[in-house]
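Colleague: Structure incoming, see below.
The values are calculated or read from the model by the stated rules, or taken from the named source; none is laboratory data. It should be emphasised that the depicted structure is a prediction, and the values quoted were computed from it without experimental measurement. Cβ placement follows ideal geometry from the backbone for every residue including glycine, while neighbour counts extend to all protein chains displayed. The protein model used for the area step is the full one, side chains on, heavy atoms only, and it has no ligands, DNA or RNA in it. Shrake-Rupley method; radii C 1.70, N 1.55, O 1.52, S 1.80 Å.
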Amino acid sequence: MAGSTEMASLEESFRKFAIYGDTKATGQEMNGKNWAKLCKDCKVTDGKSVTSTDVDIVFSKVKGKTARVINYEEFKKALEELAPKRFKDKSKEEAYEAICQLVAGKEPINVGVTKAKTVGAVERQTDTSKYTGSHKERFDESGKGKGKSGRENIVDTSGYVSAYKNAGTYDAKVKK
């Protein structure tokens with residue numbers, strides 16, 4: 001069997017793939033989709049001796065009858081099932097060692113993740129220094145938005161008619 005440090009990194013890989021793509025996952029159980037991703041990312045599937053169909057069959061074989069996930073022990077059994085198929089020229093123990101080395105220390109690869117970039121029209125439209133008119137008032141000198149005070153006209157609730165120039169002078173007129 002593999003050394004204790006290798007087993008720790010194997011378990012760490014299991015946990016990383018188990019929580020991949022699921023915000024509620026605890027890392028204790030892995031679903032079939034993540035198992036297939038682990039096999040693909042760690043190059044367990046080679047397209048010839050081990051295919052994605054083999055990976056799905058092994059997953060179904062090691063999980064419980066009504067279960068939809070596998071735990072770490074079942075994960076190790078699944079690797080044992082795939083090992084002789086992937087490394088045909090080696091003994092069962094050597095094949096298991098080799099497949100553990102493929103998986104140990106790996107983590108999910110994010111392929112095809114879209115990155116946001118500002119070019120051309122988007123850059124011009126999001127540059128607050130080029131805003132004019134009423135839109136210009138919504139941002140301070142640094143380009144940071146002013147929030148509600150920059151968006152809306154603040155209503156004068158003092159009781160006077162809006163735009164009345166002599167607001168606050170009534171008391172002075174009455175006392176004379």
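Colleague: To the nearest 10 degrees, how steeply does helix 4-19 sit against the main Cα axis of the chain, on a 0 to 90 scale?
Modeller: With rounding to tens, the tilt is 50 degrees.
Colleague: Looking at the stretch 1-75, which trypsin sites (Lys or Arg not before Pro) are DSSP coil and have at most 16 other C-beta atoms within 10 Å of their C-beta?
Modeller: 24, 43, 48, 65, 68
Colleague: Quick one: Karplus J couplings for the stretch 20-34, per residue in order, coefficients 6.51, -1.76, 1.60, θ = phi - 60°, nearest Hz, x for Gly and Pro?
Modeller: 4, x, 10, 6, 8, 5, 9, x, 8, 9, 10, 8, x, 5, 5
Colleague: Round to the nearest 10 and give me the degree value, 0 to 90, for the angle of helix 92-103's Cα axis relative to the longest principal axis of the chain.
Modeller: That works out to roughly 10 degrees.
Colleague: Can you list, largest first and rounded to whole Å, the semi-axes you get for the stretch 1-103 by taking the square root of 5 times each eigenvalue of its Cα gyration tensor?
Modeller: Taking √(5λ) for each eigenvalue gives 21, 16, 12 Å, largest first.
Colleague: Then there's this: Would you mind checking the pairs 43/63; 16/61; 24/92; 16/144; 33/92; 148/175 and listing those with alpha carbons more than 28 angstrom apart?
Modeller: 24/92; 16/144; 148/175
Colleague: How big is the chain along each principal axis, measuring the range of its Cα positions in Å and listing the largest first?
Modeller: So the three principal-axis extents are 110, 39, 31 Å.
Colleague: With each run of n ≥ 4 DSSP H residues scored as -39500 (n - 2.57), what mean residue ellipticity at 222 nm is computed for the chain after dividing by its residue count and rounding to the nearest 500 deg cm²/dmol?
Modeller: After summing the helix terms and dividing by residue count, I get -13500 deg cm²/dmol.
Colleague: To the nearest 10 square angstrom, what accessible area does residue 7 show with a 1.4 Å probe?
Modeller: About 40 Å², rounded to the nearest 10.
Colleague: Around residue 85, with a cut-off of 13 angstrom between Cβ atoms, what is the net charge of the other residues, counting Lys and Arg +1 and Asp and Glu -1?
Modeller: +1
Colleague: Follow-up. How much of the accessible area of the chain, probe 1.4 Å, is carbon plus sulfur, in whole percent?
Modeller: Accessible surface attributable to carbon and sulfur in the chain totals 51 percent.
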